[in-house]
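The values are calculated or read from the model by the stated rules, or taken from the named source; none is laboratory data. All figures in this text were calculated on a predicted structure; none of them were measured in a lab. Cβ coordinates were reconstructed from backbone atoms using ideal geometry, including for glycine residues, and neighbour counts include every protein chain displayed. Surface areas here come from the heavy atoms of the whole protein model, side chains and all, with no ligands, DNA or RNA. Shrake-Rupley method; radii C 1.70, N 1.55, O 1.52, S 1.80 Å.
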Amino acid sequence: QVQLVESGGGLVQAGGSLRLSCAASGSTFSYSAMGWFRQAPGKEREFVATINWGGSTVFYADSVKGRFALSRDNAKNTVYLQMNSLKPEDTAIYYCAARSGALSTLSGLYEYWGQGTQVTVSS
């Protein structure tokens, strides 16, 4: 079992930065691939980024590539999503997720989810 709690969301102007954190509890965290997804009002949940259990491999959605950076600290059971050059279209609820297998861009493969944190980017 893995429990996930996101933090770090908020309101920021376009061009600004935020860092989201996802704190995990549970002994299997360091063996879990982690992912971030987001859901904007009226839209389906979409993939943002994923990282493997060791932190050596990261994939990003094209929409955030070059602006967002995903990392993890297994000693602290935490993953971080650094978001730079934010745009109004980044506005969404951001969810952290974990799975026991390999990293994946597919939300349906993740077993554990956090409650989400709101990110709002004003123009």
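Can you work out which of the residues in the range 63-92 that are of a type in the set (A, V, I, L, M, F, W, C) and closer than 18 Å to Thr28 by Cα is farthest from the chain's Cα centre (by Cα)? Show your work before the answer.
So in the range 63-92, the residues of a type in the set (A, V, I, L, M, F, W, C) come out as 64, 68-70, 75, 79, 81, 83, 86, 92.
Pick out the ones that are also closer than 18 Å to Thr28 by Cα and you get 75, 79.
On the way: Ala75: 18, Val79: 8 Å.
Applying the filter and picking the extreme gives Ala75.
What are the pairs, 6+ residues apart or on separate chains, where a residue within the range 112-123 that is modelled with pLDDT under 95 and part of a strand (DSSP E or B) has its Cβ under 9 Å from a residue that is open to solvent by less than 50 Å² (accessible area, probe 1.4 Å) and among the β-branched types (Val, Ile, Thr)?
Tyr112/Val2
Working only within the range 104-122, note down all residues that are farther than 15 Å from Ala40 by Cα, open to solvent by 20 Å² or more (accessible area, probe 1.4 Å) and over 12 Å from the mean Cα position of the chain (by Cα).
Scanning the range 104-122 gives Leu106, Gly108, Leu109, Glu111, Tyr112.
Identify the residue in the range 50-61 that is in contact with a Phe, Trp or Tyr (Cβ under 7 Å, 6 or more places away or on another chain) and at pLDDT 95 or above and, among all such residues, is most open to solvent (accessible area, probe 1.4 Å).
Within the range 50-61, the match that is most open to solvent (accessible area, probe 1.4 Å) is Tyr60.
Which ones in the range 19-49 are more than 19 Å from Ala92 (Cα to Cα) and either part of a strand (DSSP E or B) or open to solvent by less than 10 Å² (accessible area, probe 1.4 Å) (or both)?
Initial filter on the range 19-49 (more than 19 Å from Ala92 (Cα to Cα)): 23-33.
Passing the criteria: Ala23, Ala24, Ser25, Phe29, Ser32, Ala33.
Please enumerate the residues belonging to the range 62-103 that are of a type outside the set (Val, Ile, Thr), surrounded by 14 or more Cβ atoms within 10 Å (Cβ to Cβ), free of Cβ contacts under 8 Å to residues at least 40 places away in the same chain and assigned to a loop (DSSP other than H, G, I, E, B).
Answer for the range 62-103, where residues must be of a type outside the set (Val, Ile, Thr), surrounded by 14 or more Cβ atoms within 10 Å (Cβ to Cβ), free of Cβ contacts under 8 Å to residues at least 40 places away in the same chain and assigned to a loop (DSSP other than H, G, I, E, B): Ser63, Arg67.
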